Amino acid sequence: MGFAIILMCLLFYSSFTTISVAQQAFKCREGTTCRSLVGYKSPNTTSISSIQKLFGVKNLHSLLGANNLRSSTSPNYMIQEQQVIKIPIPCICFNGTGASNKMPIYTVQPDDGLYYIANNVFMGLLAHQRIQQVNRIENPNVIYVGQELWIPLPCSCEEVEGERVVHYAHLVEEGSTVEEIAEKFGTTNDTLYRLNGITNNSQLIAATAFDVPLKACNSSVRIDSLDSPFLVPNNTYFFTANNCVKCKCDAANNWTLQCEPSGKKPSSWSACPAMQCEGGLLTIGNTTTSGCNTTTCAYAGFSGDQNIFTALATQSTCPVTTAPGGSPGNFASRIGLSRNYLFICIHMILLLVYLL
């Protein structure tokens, strides 16, 4: 009996050690929340609505936006076998790591086991010990048909090198390298090594989650907005302010967030409020040009009392004047220098005439 208790303790210790190693890539400060992404490789051909249901994504347009699919895409749109689709998840940080906040909830089916659920249903995005831990399951071999399990998908809300980013749980492909992953997602090898606690490619494990930071577009969203921090990575779009505003990120637009009225029915308001900037001449997404300056009415967040915040953002395309030698300078000061040179030259000429 005593031996059995010791063996059980060792098994629990082994499970928690495995969890610690598996989750070290998704470190997170206690209490922080954000939006993250996970990469799901579909094990078979299925509809996008089936994937939405599996992961408990509330709105289909959130899934469409994360994959830059047209907002009019049908729920019956087919995802091909082995195709990777990005899943948007709300992330919460506790015990030094991040997890999807009480979603998805998976209902145990006949013949399911924790290992099968982790590796065959959710394709290795997390270790089965992690499911055991958060659901406080004493015996990993004993689960029941119809039992509801929280699947804590890996995520993080940490800044990377002083910048807010969207953390993406990338499913490692067989034979891939850190260099290939860094090039694909626009980051650096050193950043990936550091985030994931590894030092070389031999430590990459196929079919496991790998923490990849995705750069987000710059925005004017205020820190007191209900959707702050509002982070939208490249080649994605997102509906916010109770579905009233659609924002997209395109690196080709100088990494500046582009927002506009969505034209959709709000999710909890009776109607979308006014979205005009100061002066009432521009609404969100509209621009005006004066000379070489372009002013845009930008989305700046929303509040619980049905207000949408706006801000005027001005970008200048004016040519930069440069001083001699190529460095920027003040035009008036250059004129002054030219007059000094002219004054000296005249005196030199008069001196030469006198000597002759």
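The values are calculated or read from the model by the stated rules, or taken from the named source; none is laboratory data. Model, not experiment: these values are computed from the prediction. All Cβ positions, glycine included, derive from the backbone under ideal geometry; neighbour counts span all protein chains shown. Accessible surface is based on the protein model in full, side chains and every heavy atom, while ligands, DNA and RNA are left aside. Shrake-Rupley method; radii C 1.70, N 1.55, O 1.52, S 1.80 Å.
Ranking I205, I223 from most to least accessible surface, computed with a 1.4 Å probe over the protein chains only, gives I223, I205.
Accessible surface comparison of V245, V121, V84, probe 1.4 Å, protein chains only, largest first: the order is V84, V121, V245. Which net charge results when you count Lys and Arg as +1 and Asp and Glu as -1 among the other residues whose beta-carbon is under 12 Å from that of K41? Net local charge, K41 excluded: -2. For region 143-183 and region 197-233, write down the distance between their C-alpha centroids in whole Å. The distance from the Cα centre of region 143-183 to that of region 197-233 comes to 9 Å.
Taking all protein chains together and rolling a 1.4 Å probe, K27 ends up with roughly 130 Å² accessible.
Surface composition of region 134-289: carbon and sulfur make up 45 percent of the accessible area, probe 1.4 Å. Placing S62, S71, S267 in order of accessible area, with the largest value first and a 1.4 Å probe, yields S267, S71, S62.
So which GluC sites (Glu not before Pro) in region 104-196 are both in a DSSP loop and have at most 10 other Cβ atoms within 10 Å of their Cβ? Walk me through the numbers on the way to the answer.
On the way: sites: E138, E148, E158, E159, E161, E163, E173, E174, E179, E180, E183; in loops: E138, E158, E159, E161, E173, E174.
Those that pass, being in a loop and sparsely packed, are E138, E174.
Extension gain for V145 to T256 (0.36 nm times residue separation, less C-alpha to C-alpha distance): 35.1 nm. Listed by chain and number, the lysines whose C-alpha is less than 22 Å from the C-alpha of K184, apart from same-chain residues fewer than 8 away, are K41, K86, K215, K248. The simple spin-label model puts a point 7 Å past each Cα toward its Cβ; for S228 and C318 those points are separated by 3.0 nm.
Maximal additional length on extending the S50-N286 stretch stands at 81.2 nm, based on 0.36 nm per residue less the C-alpha distance.
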